[in-house]
């Protein structure tokens, strides 16, 4: 079974994100970039379907009301443990995504901790690829040694500003114990959706369905 996010229609997913679960508001971030590195082991496991320079797209979703589980000052750890939270990436027609049935997805914020700011996503339990290859880790880390990228370890309500971070790496570890590595660079991120956009899509979609049922089209 694929993740909840892939089962829902785009409109239904956007409406679900807007309404959110009872525990809080769901935040969905879109991202786009390119594949920058594939080691030989990963290339073999992917059977040549992903190449250097391929476009990398995806989303990650989290509950904005998740409590911080880390008692340290300047460190925020926000574990997501239920669908539709998680991350989904695609490159070369291959999908890499969190397992919704045993979700273990972390968002960590370090504000001037050990000499730098960090923004980290990490998905520990992921669905295998269509060819049966295990996906050990999916992670995205942004680092800023100047400690000016963020001013709090609170869970953000929107995407990171890429220009504020000096370094970043998106990495997918494949195979047993993650020995095969694919890396990417994210070049743009955005919030999905804007509430007004969702409301327009929702009302428009309902009108279309009503017209079809009445023979309007």
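The values are calculated or read from the model by the stated rules, or taken from the named source; none is laboratory data. The structure presented is a predicted model; accordingly, all values stated were derived computationally and were not measured. No Cβ is skipped: glycine too gets one built from the backbone with ideal geometry, and neighbour counts run over all protein chains shown.
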What number of residues within the range 122-165 are under 14 Å from residue 76 (Cα atoms) and crowded, with 21+ Cβ neighbours inside 10 Å? 2
Specify which of the listed residues (102, 138, 181, 94) is at pLDDT 95 or above and in contact with a helix residue (DSSP H, G or I) (Cβ under 9 Å, 6 or more places away or on another chain). 181
From the set of residues in the range 42-58 that are closer than 25 Å to residue 188 by Cβ and in contact (Cβ under 8 Å) with a residue 40 or more places away in the chain, which is surrounded by the fewest Cβ atoms within 10 Å (Cβ to Cβ)? 51
Those residues of the range 34-75 which are in a loop (DSSP other than H, G, I, E, B), under 13 Å from residue 181 (Cα atoms) and within 20 Å of the chain's Cα centre (by Cα) amount to 50
Can you tell me which of (1) loosely packed, with under 15 Cβ neighbours inside 10 Å; (2) at negative phi is the one residue 61 doesn't meet? (1)
